[in-house]
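K.L.:
I have a structure here, written as structure tokens, and I will follow up with some questions on it.
The values are calculated or read from the model by the stated rules, or taken from the named source; none is laboratory data. Values in this document were obtained by computation on a predicted structure and should not be read as measured data. For neighbour counting, all protein chains shown are included, and Cβ atoms are generated from backbone atoms with ideal geometry for every residue, glycine included.
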Amino acid sequence: MSERASDGAAVVPRRKLRVATASLAGCFGCHMSLLDIDERLVDLLELVELDASPLTDKKRCGPCDIGLIEGGLCNAENVHTLRAMRANCKILVAVGACALNGGLPAQRNHIDVRDCLQTAYLSGPGVERGFIPNDPELPLPLAQVHPLHDVVKIDYFLAGCPPSADAIWQFLTDLIAGRTPVTAHGLIKYD
Amino acid sequence: MTDASPPQTFQMDGHDVAFTPGQSILTAALAAGRYIPHLCFHPEFTAHGSCKVCTVKVNGQPHASCTTPARSGDVVESDTDELTQLRLNLVQFLFAEGNHFCPSCEKSGACTLQGVAYELGMTTEHYSPLFPDRPVDASHPDVLLDFNRCILCELCIRASAIHDQKHVFALSGRGITKHLIVNAESGRLADTALALSDKAMTVCPVGVILRKRQGFAVPIGERRYDHQPISAVAVGHRPKEDGHE
């Protein structure tokens, strides 16, 4: 149903924006911080509809307005997911330290992958009769963990480990309202 | 300086800034409460203008404000979109060149590099991170050296040589291979004369030179730049320099 503003001009009917989220090589802390906006979630869900997300358990991303990605790229599947998100989302947002610069998973970057796997699954403390997993369904690890912007264009970066709920709320409400997101001192933190 | 001489001023971003002869543009601006982002400058040591973050335009020409003497009548631009973007690029290079994983760094919240990056509105390091392999030196009983965070500002080198008279630190290599070394045949900090009381212990703007056994002493929310941005701290009171106040 079309509405009319006070001056009689037609107002475009409001459509809920479609938002997808993904958690790649991260700890899910950024998603927890999103949930930490508490009762503002109700307001948010008035404005957006969730598409593919660990929160909806929908696996494949359809056409979306905004994609929020937590975590960096540590394996081949991460790269496929990221590319699918980029192909489907008008605005792609890297959320949190791991998405921005690899974060904690990237602390393995100066260690050879073979050495990493051998320590974790064969020679590490407490490992008995270990073996390096090689099921064909397991995505192959990348030689190094990469930030998202190494592979696709990222439109916005939301720093933090995790970004605070207030920072996420400020960012999303700005973006949804069509304003350039501004995160002033105190809201942006790299830690 | 004679009492009769009128105060000398230059103009910066449309404001008159008074200075005394011998002051640089940066020191005069800071004294006047006008912040210019800077990294390798420290008021107790001779400026050497290497990081270029404090670059301003003097009468239209770019100069490092820490090494450029203030001159009467000069017109200085500092707070412009163009200079902010250039400074941001320099800081992004530094982030991408080292391993700056703020969540695990005990200097986080009191780090000059981080504070300047916040000030410049850095949301991403933009460039592809190089992830250099820089093993830490934990050989010293009281001090940890985490080279991952070094930005080659040479403040520890200057402090150890000039103030401590020890020459514990130096830079070696050129270009992208340039790195901080210590003055011992073994290459280990434990075999140098570094002591906790050294000036060199207090000047690192990032989290390279750290006292052992007192990490994360200041809780999040109470760290140096948690309450005020670096632009306010730098022109107001100068807190203790080791980040462990």
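K.L.:
Mind listing whichever residues of the stretch A:154-167 are out of contact with any helix residue (DSSP H, G or I) (no Cβ under 7 Å at 6 or more places or on another chain) and not hydrophobic (A, V, I, L, M, F, W, C)?
P.N.:
The answer is A:Asp155, A:Tyr156, A:Asp166.
K.L.:
I would also like to ask the following. Anything in the stretch A:70-91 that is within 26 Å of A:Gly178 (Cα to Cα) and surrounded by fewer than 22 Cβ atoms within 10 Å (Cβ to Cβ)? List them, or say none.
P.N.:
Answer for the stretch A:70-91, where residues must be within 26 Å of A:Gly178 (Cα to Cα) and surrounded by fewer than 22 Cβ atoms within 10 Å (Cβ to Cβ): A:Arg83, A:Ala84, A:Arg86, A:Ala87, A:Asn88, A:Lys90, A:Ile91.
K.L.:
OK, next. Which of the residues belonging to the stretch A:161-186 are in a loop (DSSP other than H, G, I, E, B) and touching a residue at least 24 places away in the same chain (Cβ under 8 Å)?
P.N.:
Residues satisfying the conditions are A:Cys161, A:Pro162, A:Pro163, A:Ser164, A:Pro181, A:Thr183.
K.L.:
In the stretch B:135-181, what count of residues is obtained for those that are farther than 20 Å from B:Leu94 by Cβ and basic (Lys, Arg)?
P.N.:
Selection size over the stretch B:135-181: 1.
K.L.:
If B:Ala184 passes every condition in (1) aliphatic (A, V, I, L, M); (2) without any contact (Cβ under 8 Å) to a residue 24 or more places away in the chain; (3) more than 15 Å from B:Asp137 (Cα to Cα) but one, which one does it miss?
P.N.:
All conditions pass for B:Ala184, except number (3).
K.L.:
Of the residues that make up the stretch B:159-169, is at least one within 14 Å of another protein chain (Cβ to nearest Cβ), surrounded by 15 or more Cβ atoms within 10 Å (Cβ to Cβ) and in contact with a Lys or Arg (Cβ under 7 Å, 6 or more places away or on another chain)?
P.N.:
No.
K.L.:
Quick check on B:Ser108: is it in contact with an Asp or Glu (Cβ under 6 Å, 6 or more places away or on another chain) and buried (at least 23 other Cβ atoms within 10 Å of the Cβ)?
P.N.:
In short, yes.
K.L.:
Does A:Arg83 fit the bill of being under 15 Å from the mean Cα position of the chain (by Cα) and away from every other protein chain (no Cβ under 14 Å)?
P.N.:
When the stated conditions are applied, A:Arg83 passes them.
K.L.:
Taking the criterion of being within 14 Å of chain B (Cβ to nearest Cβ), modelled with pLDDT under 95 and part of a helix (DSSP H, G or I), would at least one residue in the stretch A:145-160 satisfy it?
P.N.:
no
K.L.:
I need the full set of residues from the stretch B:103-132 which are under 17 Å from B:Leu144 (Cα atoms) and within 7 Å of chain A (Cβ to nearest Cβ), in order please.
P.N.:
Residue satisfying the conditions is B:Ser108 alone.
K.L.:
Could you tell me whether any residue of the stretch A:103-118 is in contact with a Ser or Thr (Cβ under 6 Å, 6 or more places away or on another chain) and within 14 Å of chain B (Cβ to nearest Cβ)?
P.N.:
The answer is no; no qualifying residue exists.
K.L.:
In the stretch B:193-202, what count of residues is obtained for those that are surrounded by fewer than 22 Cβ atoms within 10 Å (Cβ to Cβ) and in a loop (DSSP other than H, G, I, E, B)?
P.N.:
Going through the stretch B:193-202 one residue at a time, the tally reaches 6.
K.L.:
Here is a list of conditions, (1) assigned by TED's automatic domain parsing to the domain that holds B:Thr20; (2) surrounded by fewer than 19 Cβ atoms within 10 Å (Cβ to Cβ), and B:His63 meets all of them except one; can you say which number that is?
P.N.:
(2)
K.L.:
Here's something else I'd like to know. Of the residues that make up the stretch A:130-148, is at least one in contact with a helix residue (DSSP H, G or I) (Cβ under 7 Å, 6 or more places away or on another chain) and farther than 26 Å from A:Thr81 by Cα?
P.N.:
So far as the stretch A:130-148 goes, yes, one or more of its residues are in contact with a helix residue (DSSP H, G or I) (Cβ under 7 Å, 6 or more places away or on another chain) and farther than 26 Å from A:Thr81 by Cα.
K.L.:
Among the numbered criteria (1) surrounded by 19 or more Cβ atoms within 10 Å (Cβ to Cβ); (2) under 19 Å from B:Ala159 (Cβ atoms), which single criterion is violated by B:Pro43?
P.N.:
Of the numbered conditions (1) surrounded by 19 or more Cβ atoms within 10 Å (Cβ to Cβ); (2) under 19 Å from B:Ala159 (Cβ atoms), the odd one out for B:Pro43 is (1).
K.L.:
Also, I was wondering about something else. Within the stretch A:176-191, which residues are aliphatic (A, V, I, L, M) and within 13 Å of chain B (Cβ to nearest Cβ)?
P.N.:
Passing the criteria: A:Val182, A:Ala184, A:Leu187, A:Ile188.
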